[in-house]
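Below is one structure, written out as C-alpha coordinates; the observations come after it.
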Amino acid sequence: MNIAENLNALCTQAQAALQALEANDEIVDSIRRKAATTNLTAILARIHEIGATHENLHHGLLHASPDAITVHLDTGEIIDANPAAERIFGYSREALMQLGLAGLNPTLAHDHMALWWQRIGDGGAEISDTYNQHADGSMIPVRVRSIAFQVGARRFIAAIARDISDESARSKALAESDQRFNELFFAIDKGVMIHSSSQKLLAINPVARRILDMSEDWTPDAANQATGHLRRETTAEHHIQIFDTNAAPIAPEDEPIARAARYGEACDSRVVGVLNLKTQKFSWLSISVTPQFRTQDFQDGIRLTQAKPFQVMTIFSDITQLKRAAEFFEETQRLAGIGCWDA
(Lines give C-alpha, C1' and ligand atoms only; values in the text may rest on other atoms or scores of the structure.)
Protein backbone atom coordinates (compact mmCIF):
# COMPACT_ATOMS: atom_id res chain seq x y z
CA MET A 1 0.00 0.00 0.00
CA ASN A 2 1.48 3.39 -0.96
CA ILE A 3 1.44 6.59 1.10
CA ALA A 4 -1.73 7.97 -0.48
CA GLU A 5 -3.65 4.73 0.11
CA ASN A 6 -2.43 4.61 3.74
CA LEU A 7 -3.59 8.14 4.37
CA ASN A 8 -6.99 7.52 2.75
CA ALA A 9 -7.55 4.44 4.89
CA LEU A 10 -6.55 6.27 8.08
CA CYS A 11 -8.79 9.21 7.24
CA THR A 12 -11.73 6.83 6.85
CA GLN A 13 -10.97 5.31 10.25
CA ALA A 14 -10.64 8.77 11.81
CA GLN A 15 -14.00 9.81 10.40
CA ALA A 16 -15.64 6.72 11.96
CA ALA A 17 -14.02 7.50 15.33
CA LEU A 18 -15.25 11.09 15.20
CA GLN A 19 -18.79 9.93 14.44
CA ALA A 20 -18.64 7.68 17.51
CA LEU A 21 -17.52 10.57 19.69
CA GLU A 22 -20.20 12.90 18.36
CA ALA A 23 -23.04 10.40 18.83
CA ASN A 24 -25.78 11.71 21.16
CA ASP A 25 -27.19 8.31 21.89
CA GLU A 26 -27.37 7.81 25.67
CA ILE A 27 -26.48 4.17 25.12
CA VAL A 28 -22.97 5.23 24.22
CA ASP A 29 -21.19 4.84 27.57
CA SER A 30 -17.93 6.26 28.75
CA ILE A 31 -16.04 3.07 27.90
CA ARG A 32 -17.01 3.28 24.22
CA ARG A 33 -16.14 6.98 24.17
CA LYS A 34 -12.80 6.25 25.73
CA ALA A 35 -12.11 3.54 23.12
CA ALA A 36 -13.03 5.91 20.29
CA THR A 37 -10.77 8.60 21.74
CA THR A 38 -7.91 6.08 21.99
CA ASN A 39 -8.47 4.99 18.40
CA LEU A 40 -8.55 8.56 17.16
CA THR A 41 -5.35 9.41 19.04
CA ALA A 42 -3.59 6.38 17.49
CA ILE A 43 -4.88 7.26 14.04
CA LEU A 44 -3.70 10.85 14.32
CA ALA A 45 -0.29 9.65 15.51
CA ARG A 46 -0.05 7.31 12.53
CA ILE A 47 -1.05 10.09 10.14
CA HIS A 48 1.62 12.32 11.69
CA GLU A 49 4.18 9.51 11.32
CA ILE A 50 3.33 8.96 7.67
CA GLY A 51 3.41 12.70 7.04
CA ALA A 52 6.83 12.99 8.70
CA THR A 53 8.12 10.03 6.68
CA HIS A 54 6.82 11.59 3.49
CA GLU A 55 8.37 14.93 4.44
CA ASN A 56 11.73 13.27 5.11
CA LEU A 57 11.54 11.39 1.82
CA HIS A 58 10.59 14.58 0.00
CA HIS A 59 13.51 16.55 1.44
CA GLY A 60 15.87 13.61 1.05
CA LEU A 61 15.15 13.44 -2.67
CA LEU A 62 15.48 17.21 -3.04
CA HIS A 63 18.81 17.29 -1.21
CA ALA A 64 20.22 14.29 -3.10
CA SER A 65 19.63 15.71 -6.57
CA PRO A 66 22.62 17.39 -8.27
CA ASP A 67 20.15 19.31 -10.45
CA ALA A 68 18.27 22.40 -9.37
CA ILE A 69 14.71 21.53 -8.31
CA THR A 70 12.07 24.18 -7.69
CA VAL A 71 8.39 23.56 -6.91
CA HIS A 72 5.95 26.16 -8.26
CA LEU A 73 2.30 26.99 -7.88
CA ASP A 74 0.47 27.39 -11.16
CA THR A 75 0.87 31.16 -10.67
CA GLY A 76 4.65 30.83 -10.90
CA GLU A 77 5.26 31.36 -7.19
CA ILE A 78 8.14 29.19 -5.89
CA ILE A 79 7.20 27.32 -2.72
CA ASP A 80 10.28 25.12 -2.37
CA ALA A 81 13.82 24.78 -3.71
CA ASN A 82 16.64 22.34 -3.09
CA PRO A 83 20.29 23.10 -2.17
CA ALA A 84 21.40 22.51 -5.77
CA ALA A 85 19.10 25.33 -6.89
CA GLU A 86 20.70 27.61 -4.30
CA ARG A 87 24.17 26.65 -5.51
CA ILE A 88 23.47 26.84 -9.25
CA PHE A 89 21.45 30.08 -9.20
CA GLY A 90 23.28 31.81 -6.35
CA TYR A 91 20.16 32.55 -4.27
CA SER A 92 19.12 31.25 -0.88
CA ARG A 93 15.97 29.13 -0.65
CA GLU A 94 14.11 32.05 0.89
CA ALA A 95 15.30 34.42 -1.85
CA LEU A 96 14.16 31.99 -4.54
CA MET A 97 10.73 31.75 -2.92
CA GLN A 98 10.46 35.53 -2.95
CA LEU A 99 11.82 35.76 -6.50
CA GLY A 100 9.30 33.47 -8.20
CA LEU A 101 9.54 32.09 -11.71
CA ALA A 102 9.27 35.52 -13.36
CA GLY A 103 12.36 36.72 -11.49
CA LEU A 104 14.29 33.49 -12.07
CA ASN A 105 13.53 33.48 -15.79
CA PRO A 106 12.72 37.05 -16.92
CA THR A 107 12.60 35.95 -20.57
CA LEU A 108 9.25 34.17 -20.07
CA ALA A 109 6.00 35.81 -21.17
CA HIS A 110 3.66 37.01 -18.42
CA ASP A 111 1.06 34.36 -19.34
CA HIS A 112 3.61 31.55 -19.66
CA MET A 113 2.30 29.50 -16.72
CA ALA A 114 -1.34 29.65 -17.81
CA LEU A 115 -0.48 28.65 -21.36
CA TRP A 116 1.92 25.95 -20.13
CA TRP A 117 -0.72 24.34 -17.93
CA GLN A 118 -3.29 24.42 -20.75
CA ARG A 119 -0.81 22.74 -23.07
CA ILE A 120 0.55 20.12 -20.66
CA GLY A 121 -2.21 19.48 -18.13
CA ASP A 122 -2.15 17.46 -14.91
CA GLY A 123 0.43 14.69 -14.97
CA GLY A 124 2.08 16.02 -18.11
CA ALA A 125 5.77 16.76 -18.56
CA GLU A 126 7.93 18.78 -20.91
CA ILE A 127 11.66 19.23 -21.55
CA SER A 128 12.94 22.55 -22.85
CA ASP A 129 16.18 24.53 -23.08
CA THR A 130 16.07 28.06 -21.69
CA TYR A 131 18.05 30.54 -19.57
CA ASN A 132 17.73 31.26 -15.84
CA GLN A 133 19.22 34.35 -14.23
CA HIS A 134 21.98 33.94 -11.64
CA ALA A 135 22.09 36.19 -8.61
CA ASP A 136 25.05 38.03 -10.19
CA GLY A 137 22.91 38.92 -13.22
CA SER A 138 24.47 36.46 -15.65
CA MET A 139 22.24 34.11 -17.66
CA ILE A 140 22.73 30.37 -17.18
CA PRO A 141 21.73 27.99 -19.99
CA VAL A 142 19.60 25.21 -18.48
CA ARG A 143 17.70 22.17 -19.68
CA VAL A 144 14.45 22.03 -17.70
CA ARG A 145 12.15 19.07 -17.19
CA SER A 146 8.82 20.42 -15.95
CA ILE A 147 6.28 18.04 -14.40
CA ALA A 148 2.69 19.06 -13.62
CA PHE A 149 0.73 17.54 -10.75
CA GLN A 150 -2.38 18.36 -8.77
CA VAL A 151 -3.19 17.90 -5.09
CA GLY A 152 -6.87 18.42 -4.46
CA ALA A 153 -7.77 21.68 -6.12
CA ARG A 154 -4.23 23.04 -6.07
CA ARG A 155 -1.95 22.75 -9.08
CA PHE A 156 1.83 22.50 -8.87
CA ILE A 157 4.79 22.24 -11.20
CA ALA A 158 8.11 20.63 -10.31
CA ALA A 159 10.94 22.05 -12.42
CA ILE A 160 14.19 20.09 -12.60
CA ALA A 161 16.87 22.29 -14.18
CA ARG A 162 20.29 21.07 -15.29
CA ASP A 163 23.09 23.52 -15.91
CA ILE A 164 24.27 22.94 -19.49
CA SER A 165 26.86 25.72 -19.57
CA ASP A 166 29.66 23.28 -20.46
CA GLU A 167 27.55 21.70 -23.20
CA SER A 168 26.65 25.13 -24.59
CA ALA A 169 30.31 26.17 -24.48
CA ARG A 170 31.30 23.02 -26.37
CA SER A 171 28.57 23.62 -28.96
CA LYS A 172 29.68 27.22 -29.38
CA ALA A 173 33.33 26.21 -29.71
CA LEU A 174 32.38 23.55 -32.26
CA ALA A 175 30.33 26.04 -34.27
CA GLU A 176 33.22 28.52 -34.25
CA SER A 177 35.63 25.77 -35.27
CA ASP A 178 33.32 24.77 -38.14
CA GLN A 179 33.13 28.37 -39.26
CA ARG A 180 36.91 28.76 -39.24
CA PHE A 181 37.29 25.49 -41.14
CA ASN A 182 34.76 26.59 -43.77
CA GLU A 183 36.55 29.91 -44.20
CA LEU A 184 39.87 28.10 -44.62
CA PHE A 185 38.28 25.46 -46.86
CA PHE A 186 37.21 28.09 -49.39
CA ALA A 187 40.17 30.47 -48.99
CA ILE A 188 43.09 28.03 -49.15
CA ASP A 189 45.06 28.04 -52.42
CA LYS A 190 45.13 24.23 -52.56
CA GLY A 191 42.55 21.73 -53.66
CA VAL A 192 40.68 20.08 -50.80
CA MET A 193 38.32 17.12 -50.88
CA ILE A 194 36.68 15.24 -48.04
CA HIS A 195 35.45 11.68 -48.46
CA SER A 196 33.50 9.44 -46.10
CA SER A 197 34.81 6.06 -44.99
CA SER A 198 32.86 4.54 -47.89
CA GLN A 199 34.65 6.95 -50.26
CA LYS A 200 31.60 9.12 -50.87
CA LEU A 201 32.65 12.64 -51.71
CA LEU A 202 31.34 14.93 -48.97
CA ALA A 203 32.91 18.26 -49.93
CA ILE A 204 35.13 19.86 -52.55
CA ASN A 205 36.46 23.41 -52.62
CA PRO A 206 36.65 25.76 -55.65
CA VAL A 207 40.40 25.28 -56.14
CA ALA A 208 39.92 21.50 -56.39
CA ARG A 209 37.19 22.03 -58.99
CA ARG A 210 39.53 24.21 -61.05
CA ILE A 211 42.48 21.81 -60.83
CA LEU A 212 40.33 18.80 -61.71
CA ASP A 213 38.52 20.81 -64.41
CA MET A 214 35.05 20.23 -62.95
CA SER A 215 32.12 22.49 -63.74
CA GLU A 216 30.78 24.81 -61.03
CA ASP A 217 27.36 23.13 -61.04
CA TRP A 218 28.93 19.75 -60.25
CA THR A 219 28.16 18.75 -56.67
CA PRO A 220 29.20 15.91 -54.35
CA ASP A 221 25.62 14.56 -54.56
CA ALA A 222 25.98 14.19 -58.31
CA ALA A 223 29.21 12.28 -57.82
CA ASN A 224 27.59 9.93 -55.33
CA GLN A 225 24.40 9.05 -57.21
CA ALA A 226 25.65 5.73 -58.51
CA THR A 227 28.12 3.70 -56.53
CA GLY A 228 29.20 6.20 -53.99
CA HIS A 229 32.55 7.77 -54.77
CA LEU A 230 34.21 10.17 -57.14
CA ARG A 231 35.94 7.69 -59.43
CA ARG A 232 32.80 5.65 -59.94
CA GLU A 233 30.57 8.52 -61.07
CA THR A 234 28.52 6.99 -63.91
CA THR A 235 28.30 10.20 -65.93
CA ALA A 236 31.42 10.03 -68.06
CA GLU A 237 31.97 13.80 -68.03
CA HIS A 238 33.13 13.59 -64.42
CA HIS A 239 35.04 10.33 -64.52
CA ILE A 240 38.60 10.72 -63.30
CA GLN A 241 41.47 8.30 -63.81
CA ILE A 242 44.59 8.31 -61.66
CA PHE A 243 48.15 7.40 -62.75
CA ASP A 244 51.48 6.81 -61.03
CA THR A 245 54.67 8.76 -61.82
CA ASN A 246 55.39 6.42 -64.74
CA ALA A 247 51.97 7.32 -66.25
CA ALA A 248 50.66 3.80 -65.51
CA PRO A 249 47.02 3.63 -64.32
CA ILE A 250 46.57 2.93 -60.61
CA ALA A 251 44.00 0.28 -59.72
CA PRO A 252 40.97 1.75 -57.87
CA GLU A 253 41.70 -0.25 -54.72
CA ASP A 254 45.28 1.08 -54.64
CA GLU A 255 44.44 4.75 -55.00
CA PRO A 256 45.59 6.85 -52.03
CA ILE A 257 42.04 7.78 -50.96
CA ALA A 258 40.88 4.16 -51.14
CA ARG A 259 43.79 2.89 -49.06
CA ALA A 260 43.30 5.65 -46.51
CA ALA A 261 39.60 4.83 -46.17
CA ARG A 262 40.11 1.06 -46.05
CA TYR A 263 43.35 0.70 -44.08
CA GLY A 264 43.87 4.07 -42.43
CA GLU A 265 47.02 4.67 -44.49
CA ALA A 266 48.17 8.26 -44.85
CA CYS A 267 50.38 9.58 -47.61
CA ASP A 268 52.32 12.82 -47.77
CA SER A 269 53.18 14.75 -50.94
CA ARG A 270 52.73 11.81 -53.28
CA VAL A 271 52.89 12.66 -56.98
CA VAL A 272 50.06 11.26 -59.13
CA GLY A 273 48.66 12.01 -62.55
CA VAL A 274 44.96 12.82 -62.90
CA LEU A 275 42.99 12.65 -66.15
CA ASN A 276 39.51 14.14 -66.54
CA LEU A 277 37.96 11.83 -69.13
CA LYS A 278 35.41 14.42 -70.23
CA THR A 279 37.74 17.33 -70.91
CA GLN A 280 40.87 15.19 -71.43
CA LYS A 281 42.76 17.55 -69.16
CA PHE A 282 45.75 15.83 -67.61
CA SER A 283 47.46 17.23 -64.53
CA TRP A 284 50.25 16.20 -62.23
CA LEU A 285 49.32 16.63 -58.59
CA SER A 286 51.17 16.50 -55.29
CA ILE A 287 48.63 15.05 -52.87
CA SER A 288 48.54 14.44 -49.14
CA VAL A 289 45.84 12.10 -47.84
CA THR A 290 44.95 12.00 -44.14
CA PRO A 291 42.51 9.50 -42.64
CA GLN A 292 40.61 11.05 -39.72
CA PHE A 293 39.60 9.08 -36.63
CA ARG A 294 37.27 9.78 -33.73
CA THR A 295 38.47 10.46 -30.18
CA GLN A 296 37.25 7.06 -28.96
CA ASP A 297 39.56 5.39 -31.49
CA PHE A 298 42.55 6.26 -29.28
CA GLN A 299 43.70 4.98 -25.92
CA ASP A 300 46.52 6.75 -24.07
CA GLY A 301 47.33 8.61 -27.27
CA ILE A 302 47.73 5.40 -29.30
CA ARG A 303 45.28 4.52 -32.06
CA LEU A 304 43.48 1.22 -31.54
CA THR A 305 44.35 -1.40 -34.14
CA GLN A 306 40.69 -2.08 -34.99
CA ALA A 307 39.89 1.62 -35.46
CA LYS A 308 38.60 2.70 -38.86
CA PRO A 309 38.62 6.29 -40.16
CA PHE A 310 35.25 8.04 -40.34
CA GLN A 311 36.42 10.30 -43.16
CA VAL A 312 39.43 11.09 -45.33
CA MET A 313 40.81 14.54 -46.15
CA THR A 314 42.84 15.06 -49.32
CA ILE A 315 44.85 18.22 -49.99
CA PHE A 316 46.59 18.67 -53.32
CA SER A 317 48.27 21.21 -55.55
CA ASP A 318 48.86 21.32 -59.30
CA ILE A 319 52.57 20.69 -60.06
CA THR A 320 52.13 20.08 -63.79
CA GLN A 321 54.41 22.96 -64.80
CA LEU A 322 57.04 22.00 -62.22
CA LYS A 323 57.04 18.37 -63.33
CA ARG A 324 57.29 19.28 -66.99
CA ALA A 325 60.15 21.66 -66.23
CA ALA A 326 61.90 18.91 -64.27
CA GLU A 327 61.40 16.44 -67.13
CA PHE A 328 62.72 19.00 -69.61
CA PHE A 329 65.78 19.58 -67.42
CA GLU A 330 66.41 15.84 -67.13
CA GLU A 331 66.09 15.48 -70.90
CA THR A 332 68.50 18.39 -71.38
CA GLN A 333 71.01 16.80 -69.06
CA ARG A 334 70.65 13.48 -70.82
CA LEU A 335 71.19 15.00 -74.27
CA ALA A 336 74.13 17.04 -73.03
CA GLY A 337 75.66 13.87 -71.69
CA ILE A 338 75.64 12.21 -75.10
CA GLY A 339 76.67 15.33 -76.98
CA CYS A 340 73.53 15.98 -79.05
CA TRP A 341 70.42 18.13 -78.94
CA ASP A 342 66.97 17.73 -80.35
CA ALA A 343 66.00 20.34 -82.90
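The values are calculated or read from the model by the stated rules, or taken from the named source; none is laboratory data. These numbers were taken from a predicted model, which means no experiment stands behind them. Here the Cβ is made from the backbone with ideal geometry for all residues, glycine too, and neighbour counts use every protein chain on show. These accessible areas exclude ligands, DNA and RNA; they are computed on the full protein's heavy atoms, side chains included. Shrake-Rupley method; radii C 1.70, N 1.55, O 1.52, S 1.80 Å.
Tell me, which residue of the range 92-150 that is among the aromatic types (Phe, Trp, Tyr) and assigned to a helix (DSSP H, G or I) is surrounded by the fewest Cβ atoms within 10 Å (Cβ to Cβ)? Before the answer, list the steps.
To start, the set of residues in the range 92-150 that are among the aromatic types (Phe, Trp, Tyr) comprises 116-117, 131, 149.
Adding the requirement that they be assigned to a helix (DSSP H, G or I) leaves 116-117.
On the way: TRP116: 20, TRP117: 16.
Residue satisfying both the conditions and the ranking: TRP117.
Give the number of residues within the range 258-278 that are open to solvent by 30 Å² or more (accessible area, probe 1.4 Å) and outside any strand (DSSP E or B).
Qualifying residue count for the region: 7.
Those residues that are part of a strand (DSSP E or B) and open to solvent by less than 60 Å² (accessible area, probe 1.4 Å), I need them from the range 151-169; list them, please.
Residues satisfying the conditions are PHE156, ILE157, ALA158, ALA159, ILE160, ALA161.
Mind counting the residues in the range 279-302 that are surrounded by fewer than 13 Cβ atoms within 10 Å (Cβ to Cβ) and not in a loop (DSSP other than H, G, I, E, B)?
Number satisfying all stated conditions: 5.
Anything in the range 230-257 that is assigned to a loop (DSSP other than H, G, I, E, B), modelled with pLDDT of 90 or more and charged (D, E, K, R)? List them, or say none.
Correct list: ASP244, GLU255.
Every residue in the range 252-285 that is more than 18 Å from ILE211 (Cβ to Cβ) and aromatic (Phe, Trp, Tyr), please.
Within the range 252-285, just TYR263 meets the criteria.
Residue check: is ALA114 closer than 30 Å to ALA203 by Cβ and among the small types (Gly, Ala, Ser)? Outline the logic, then answer.
Details: closer than 30 Å to ALA203 by Cβ: no; among the small types (Gly, Ala, Ser): yes.
So ALA114 fails the test.
Please enumerate the residues belonging to the range 287-311 that are under 25 Å from the mean Cα position of the chain (by Cα) and within 15 Å of PRO256 (Cα to Cα).
PRO291, GLN292, PRO309, GLN311
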